[in-house]
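The values are calculated or read from the model by the stated rules, or taken from the named source; none is laboratory data. Please read these numbers as outputs of a predicted model, since none were measured by experiment. Ligands, DNA and RNA are stripped out before the accessible areas are found, and what is left, the full protein with its side chains, is counted by its heavy atoms. Shrake-Rupley method; radii C 1.70, N 1.55, O 1.52, S 1.80 Å.
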Amino acid sequence: MAILRFPRALTLIACLALVPCLEGARADDAPPPPPAPTGAVVPGGNTVTAPIVGADRDSHGCIGSAGYSWCAAEGECVRSWELARKLSLEEGEAAFTRYCTTGRK
């Protein structure tokens, strides 16, 4: 196998040709960092104040964003579709409300 040898001047020219390309890659060209998680302290000492997922509890402690609603007949937070399947209730909000307020299917 033959080894190619380049004159030093040609090697230097090739290296100098890359300098403009490398100068274009600066740290300020980097993409912005991902957003900080809620409640995190970010540079400068500021705290991110976006709402925390799952922090939307109602007066009974039910987490609405997770699909839970209060059902007095059950005495606990339930998901309407899970309760409908468990008790063979009709689909829909009306059947859920009727059962949870009166205890009747």
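At 1.4 Å probe size, put SER80, SER88 in order of accessible surface, largest to smallest. Mind showing how you got there, number by number?
Numbers: SER80 40, SER88 100 Å².
The residues order as SER88, SER80, largest area first.
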query: Karplus couplings for segment 87-92 from phi (6.51 cos²θ - 1.76 cosθ + 1.60, θ = phi - 60°), rounded to Hz, Gly and Pro as x?
result: 9, 6, 7, 5, 6, x
